[in-house]
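Here, each number is a calculation from the coordinates, and none is a lab measurement. Model, not experiment: these values are computed from the prediction. Here Cβ is always computed from backbone atoms with ideal geometry, including for glycine, and neighbour counts include all displayed protein chains.
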Amino acid sequence: MSALVETVALASVRTQIADFLSALITVYTIMIFAYILLSLVQAAGVRIPYNRGVSLVIGFLGDAVEPYLAFFRRFIPPLGPLDLSPLVGIILLQVVGGLVVRLVAG
């Protein structure tokens, strides 16, 4: 009976870790989308000048997302004004993240 309880407890912990990793991947994907959208809005000149809150959000997203996207920018050249590195980064994050979540969940 003790082995059954340990097995159930281990399965529960693995499921919780897999759920946490899945949520982390989702949040990071949303952060990449938000960074892309805020960059487009800022490039269009719509940003409120000297707004400390907007600057903090853009700075935080840039600090969190740019190192990941910079890795892909080394290998994927921009096609004119089009930068495909976020798209490749999101696809790779979803695929590899999904595999890791399935491996952890068992």
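Ignoring solvent entirely, what values of log10 I(q)/I(0) come out of the Debye formula for the chain at 0.11, 0.23 Å⁻¹ when each Cα is a single scatterer? Here the Debye-derived log intensity ratios amount to -0.50, -1.21. Full extension of the chain between Leu84 and Leu56 yields a length gain of 7.6 nm, computed as 0.36 nm times the residue separation minus the alpha carbon distance.
If R0 equals 35 Å, the separation of the Cβ atoms of Leu93 and Val46 corresponds to a calculated FRET efficiency of about 0.80.
Amide hydrogen proximity for Leu84: with H placed 1.01 Å from N in the peptide plane, the residues at 5 or more positions away or on another chain lying under 5 Å are Leu79.
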